[in-house]
Amino acid sequence: MSGPAGRPSGDPADPADPAGPATPADPAGLATPADPAGPATSVDPPDPAESGSAATGALFAFTDDDGPVDRARGGRRRLLLLAGGATVMLVAAGLVLGYVAAGPLVAPDDYAGAGSGTVVVEITPGATAGDVAGVLARADVVASAGAFVRAVEGRGKAESLRPGRYRLRHRMAAGSALDLLLSPGARVRRRVTVPEGLRAGETLARLARLSGLPADGLARAAADRTALDLPPYAAGAAEGFLFPATYDIEPGTTPRGLLGSMVRRFRRAAADVGLEAGAARNRLTPRQAVVLASIVQAEGGRESDYPKIARVIYNRLAARARLEMDSTVMYGLGRHGIVASAAEIKRDTPYNTYLHTGLPPGPIGNPGESALRAAIQPAVGDWYWFVTIDPARRITKFTNKESEFVRFRQELNRHLGRQ
């Protein structure tokens, strides 16, 4: 503990100080005799180290418990403390003013212009404007998440942000970044094109290879009779109803979602061509029309020949004759080819139209819109046979004479190198 005047408690009175120790009448312990020569005790010159400490460390050292302190020394220290404090305050004020002036240059809230370079960012399904803003800020597309959120809210575009991968630029103005996110041209799409006529198994294999979706997941979705919203006449089977087209694979796309979109695309094509009404007009069920279209697709060369091929099938059905289509035989055997061998023609499957009359029990592939239209809008003619004599150039000939049909088959064999 320290005494009232800074002297250690119980120190003896200074002989040069007749007043002795402070008395109760002088509780502060500061009274000194009226000596014209000045104070009895000597005043040491300022200690440079101590003065420096007072000037530079004034904010941290306000007391001194190491020895006597007189008025002169205390006054000087107080002046130094005030001066030091003022200096610190001026420096701090300068820093604040400098930050206010230079802040936008050090950490701008928003960049200016269209940016530079290229960066691909991904927006996941369900992401909010704030989520997107965070992704863009971390990728240095925008200067701050707040700037982007303000741009979105100011233009009322929160509901217009869509999941996907987008090609943007570094250091863009928030408004420019929003413009690109709303532009279809900025999207980085993974697209899968499914050609016409592929069988269901081939379609699933192609989707797995090009979409990145798991093959087993696609197979399970295709086998689920209730997952794909197939039309009633599909009888629960996906074959024939996975419409051939180009599909975008978005983040979050599932096997069930992708196959479902293919079925919806089939439904739209069927509605566009008037499949159900057209089938009824030709005395077919909608399912039979799809079966017929799948044969047209598998047998046909050029689209202009599709209505003629359909007419051949109608003419043979009307005569209650066997269709004798090699494409159906090969489908039943799980093989590919445009000409079945004599041994293959003798193999009995439900799809062998050399052995069974009428249409096969189901589609043999997935027909496109042209084949669907041809199935319900056949050409007018009495053709009973056709042969694609030149598969490479897709040249098909039609006839109602068996002798010409035999000659056409010979032409085909020559092109195939069988003669």
Checklist outcome for this item: As a Kirkwood estimate from alpha-carbon pairs, region 116-188 has a hydrodynamic radius in angstrom of 11.7 Å
Next on the checklist: At a 10 angstrom cut-off on C-beta neighbours, averaged per residue, how do the peptides 126-138, 289-301 rank from highest to lowest?
Outcome noted: 289-301, 126-138
Checklist entry - Residue by residue, what Karplus-based ³J(HN,Hα) values in Hz, rounded to whole numbers, does region 311-321 have, using 6.51, -1.76 and 1.60 with θ = phi - 60° and x for Gly and Pro? => result 5, 4, 5, 4, 5, 6, 5, 5, 8, 6, 9
Checklist entry - Of the peptides 183-195, 250-262, 303-315, how do they stack up when ordered by the mean number of other Cβ atoms within 10 Å, highest first? => result 303-315, 250-262, 183-195
Next on the checklist: What are the ³J(HN,Hα) couplings of region 352-364, residue after residue, when phi is run through the Karplus curve with 6.51, -1.76, 1.60 and θ = phi - 60°? Round to Hz, x for glycine and proline.
Outcome noted: 7, 7, 7, 9, 10, 7, x, 6, x, x, x, x, 10
Checklist outcome for this item: Amide H proximity to Arg169 below 5 Å, modelled H, separation 5+ or other chain, gives Val119
Next on the checklist: Using DSSP to call loops (not H, G, I, E or B), can you name the trypsin sites (Lys or Arg not before Pro) in region 199-228 whose Cβ has at most 12 other Cβ atoms within 10 angstrom?
Outcome noted: Arg225
Item to check | Likely footprinting exposure, Glu276, Glu239, fewest C-beta neighbours within 10 Å first | outcome: Glu276, Glu239
Item to check | Reachable lysines from Lys157, criterion Cα separation under 19 angstrom, eight or more residues apart if same chain | outcome: none
Checklist entry - Applying the Karplus parametrisation 6.51 cos²θ - 1.76 cosθ + 1.60 with θ = phi - 60° to the phi angles of region 335-351, what ³J(HN,Hα) value in whole Hz is obtained for each residue in order, glycine and proline being reported as x? => result 10, 10, x, 9, 10, 7, 6, 4, 5, 5, 5, 7, 6, 8, 9, x, 9
Checklist entry - How many angstrom separate the Cα center of region 140-200 from the Cα center of region 224-277? => result 28 Å
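Values quoted throughout were computed directly from the atomic coordinates according to the rules given, and no laboratory measurement underlies them. If you're wondering where the values come from, they're calculated on a predicted model, not measured in any experiment. For neighbour counting, all protein chains shown are included, and Cβ atoms are generated from backbone atoms with ideal geometry for every residue, glycine included.
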